[in-house]
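Report on the structure given below.
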Amino acid sequence: MANDPFAQFKAMQREGWALFSPLATFTTPPAAALVEFAGVSAGQNVLDVACGTGVVAVTAARRGATVSGLDLSPVLLDDAHRNASVIGATIDFREGDVENLPYADASFDVVLSQFGHMFAPRPAVAIAEMLRVLKPGGRIAFSTWPPELMLGRVFALTGKYLPPPTGIAPPPQWGDPNIVRERLGDAVRDIEFTRDDMVVPALSPAHYRVQMELTAGPIIKLIQTLEGEPQKLAQFRAELEAIAAQYFAHNRVRQSFLITRAIKR
Ligand SMILES: C[S@@+](CC[C@H](N)C(=O)[O-])C[C@H]1O[C@@H](n2cnc3c(N)ncnc32)[C@H](O)[C@@H]1O
């Protein structure tokens, strides 16, 4: 792993996302939007890629689907197991990497990812794996942060202060419909898009910023990196709050996202 920048990056992601659980309160309503747009129904085999605490997986299970979930973070998977057990759902949660899915070809009727596969360093590898495990005629659907909107801009800001290693694609590229079309290519038909909002309650843009510093993987890493550079840290914080302020009203930060769905040929 010492010389593999992708393995190093994923090890950092695995550690960085371990504190994400409080944010799952806010990804819970978007999970319903994704499952609905994907048309998940009873009896289908469904995979939730980068499932975190299982908000999409549990939502799909409540529709009667047979669900598997996979994530890099064992800490979040513990929460996912707890979330499933509350409703007595049996979900096959596994620790793993979207770039190397531990499932046979054509295993699933539906493959989903909410704000998840977008963090894999190699988009072509991630999407090839997601399509490999999907049955022909099956549906792939994912939610992603557009580059020009709130969280896309925050990730760009984070990348400005802590540039990712060479060869790692910026996650919000997955929020651009033109790039999504290119990446899905001829492997799919009937690509459709919709949009929805994730609403995060906050007392002020500064409160929002503090919450992100405590829970969002890439920002946690950046704050650790800037520990010895107080001026730079203060500048980053000011820039983050300035972005959040543009989406803040009535004690809510409104974050719009893109949902994509398509059918595998
Ligand atoms: C923003 S969280 C979203 C979690 C969940 N899908 C939700 O909507 O609440 C991003 C998730 O992606 C996972 N992740 C990042 N890179 C991954 C990879 N290469 N393979 C699997 N999971 C990954 C993280 O561990 C984290 O749980």
query: Hey, what do the phi angles of segment 81-89 turn into as Karplus ³J(HN,Hα) couplings, whole Hz, using 6.51/-1.76/1.60 and θ = phi - 60°, x for Gly and Pro?
result: 4, 4, 4, 5, 5, 4, 9, x, 7
- line: Check: in the chain the Lys pairs 8 or more apart or on separate chains whose Cα atoms fall under 24 Å apart number 6
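Using 0.36 nm per residue of separation minus the Cα-Cα distance, give me the extension gain between residue 235 and residue 106 in nm, one decimal.
Numbers: separation 129, 0.36 × 129 = 46.44 nm, distance 4.82 nm.
Between residue 235 and residue 106, full extension yields an extra 41.6 nm.
Using a 1.4 Å probe, what is the accessible area per residue for segment 19-87, in Å²?
Working: 2600 Å² over 69 residues.
Value for segment 19-87: 38 Å² per residue.
Over segment 38-105, what is the relative contact order in whole percent, taking alpha-carbon pairs under 8 Å and six or more residues apart?
Values: 128 pairs, mean separation 21.7, N = 68.
Here the relative contact order equals 32 percent.
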field: Within the accessible area of segment 1-86 (1.4 Å probe), percent carbon and sulfur
entry: 57
task: Classify the chain as rounded, prolate or oblate, taking a ≥ b ≥ c as the square roots of the eigenvalues of its Cα gyration tensor: rounded when a/c is under 1.5, otherwise prolate if a/b is larger than b/c and oblate if not.
output: prolate
query: Which ³J(HN,Hα) values, rounded to whole Hz and listed in residue order, are derived for segment 172-179 from phi using the Karplus coefficients 6.51, -1.76 and 1.60 in 6.51 cos²θ - 1.76 cosθ + 1.60 with θ = phi - 60°, glycine and proline given as x?
result: x, 4, 5, x, 9, x, 5, 5
field: Of all DSSP beta bridges in the chain, antiparallel share, percent nearest 5
entry: 55
query: How many angstrom lie between the C-alpha centres of segment 144-195 and segment 2-52?
result: 15
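Would you mind telling me the share, in percent, of accessible area of segment 133-265 contributed by carbon and sulfur at probe 1.4 angstrom?
Heavy-atom surface of segment 133-265 belonging to carbon and sulfur, 1.4 Å probe: 53 percent.
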- prompt: residue 111: net charge of surrounding residues, Cβ under 11 Å, Lys/Arg +1, Asp/Glu -1, itself excluded?
  reply: +2
field: Under Karplus coefficients 6.51, -1.76 and 1.60, residue-wise ³J(HN,Hα) of segment 123-128 in Hz, glycine/proline x
entry: x, 5, 5, 4, 5, 4
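If you take the beta carbon distance between residue 195 and residue 4 as r and set R0 to 41 Å, what does 1/(1 + (r/R0)^6) give as a FRET efficiency, to the nearest 0.05?
Values: r = 36 Å, r/R0 = 0.88.
That pair, residue 195 with residue 4, gives E of 0.70.
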statement: Ordering 229, 95, 241 by the accessible surface of their heavy atoms, 1.4 Å probe, largest first, yields 95, 229, 241
- line: Cβ-Cβ cut-off under 13 Å around residue 232, Lys and Arg +1, Asp and Glu -1: the net charge is -1
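The values are calculated or read from the model by the stated rules, or taken from the named source; none is laboratory data. These numbers come from a predicted model, not from an experiment. Counting neighbours? That spans all protein chains shown, and the Cβs are built from the backbone with ideal geometry, glycine included. For accessibility, only protein heavy atoms count, side chains too; no ligands or nucleic acids. Shrake-Rupley method; radii C 1.70, N 1.55, O 1.52, S 1.80 Å.
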